[in-house]
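All of the numbers you see were taken from the coordinates with simple rules; none came from a lab. Source: prediction; values computed, not measured. A quick note on method: Cβ atoms are made from the backbone with ideal geometry, for glycine too, and the neighbour counts reach across all protein chains shown.
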Amino acid sequence: MIEITTETDIIKLDSFLKWSGAVSMGSEAKFFIQNGDIIVNGDICTQRGKKLKKGDIIEFNGETYKLV
């Protein structure tokens with residue numbers, strides 16, 4: 001599990017994917033989210049603006065990320 005630290009208490013899912021390095025561009029994040037490729041806390045998430053908070057678990061492309 002890869003732990004990702006942010007400077008804010010809340011971050012949007014698309015921004016998180018860019019911040020963590022999982023994707024390199026926002027358009028990639030949008031594509032993968034809309035395609036249902038992102039799992040947040042065990043559920044498929046198709047909301048780009050989904051607000052993540054510390055402790056959330058994000059799964060994508062065989063990697064697991066934890067927001068700390």
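Just to check I understand the Karplus step: with θ = phi - 60° and J = 6.51 cos²θ - 1.76 cosθ + 1.60, what whole-Hz values come out for segment 13-20, glycine and proline as x?
4, 5, 5, 4, 4, 6, 4, 6
Need one word for the chain: rounded, prolate or oblate. Basis is the Cα gyration tensor (sqrt eigenvalues a ≥ b ≥ c); a/c below 1.5 gives rounded, then a/b vs b/c decides.
The shape class here is rounded.
Size of the dipole of the chain about the Cα centre, Lys and Arg at +1 and Asp and Glu at -1 on the beta carbon, nothing else charged, in debye to 20?
Value, rounded to 20: 240 debye.
What is the packing order of peptides 49-58, 35-44, 12-21, taking the mean over residues of other C-beta atoms within 10 Å and listing the highest first?
12-21, 49-58, 35-44
Please list, ordered by chain and number, the residues whose modelled amide H lies under 5 Å from the amide H of T6; skip anything fewer than 5 residues away on the same chain.
V68
Straight-line reach from K51: which aspartates and glutamates fall under 12 Å, measuring Cα to Cα and dropping same-chain residues less than 8 apart?
D9, D14
Each residue of segment 49-55 in order: what ³J(HN,Hα) in whole Hz does its phi give by Karplus 6.51 cos²θ - 1.76 cosθ + 1.60, θ = phi - 60°, with x for Gly and Pro?
x, 3, 8, 9, 10, 4, x
Per-residue HN-Hα couplings for segment 56-68, Karplus 6.51 cos²θ - 1.76 cosθ + 1.60 at θ = phi - 60°, whole Hz, x for Gly and Pro?
These are the phi-based 3J(HN,Hα) values: 5, 10, 10, 10, 7, 6, x, 10, 10, 10, 10, 7, 10 Hz.
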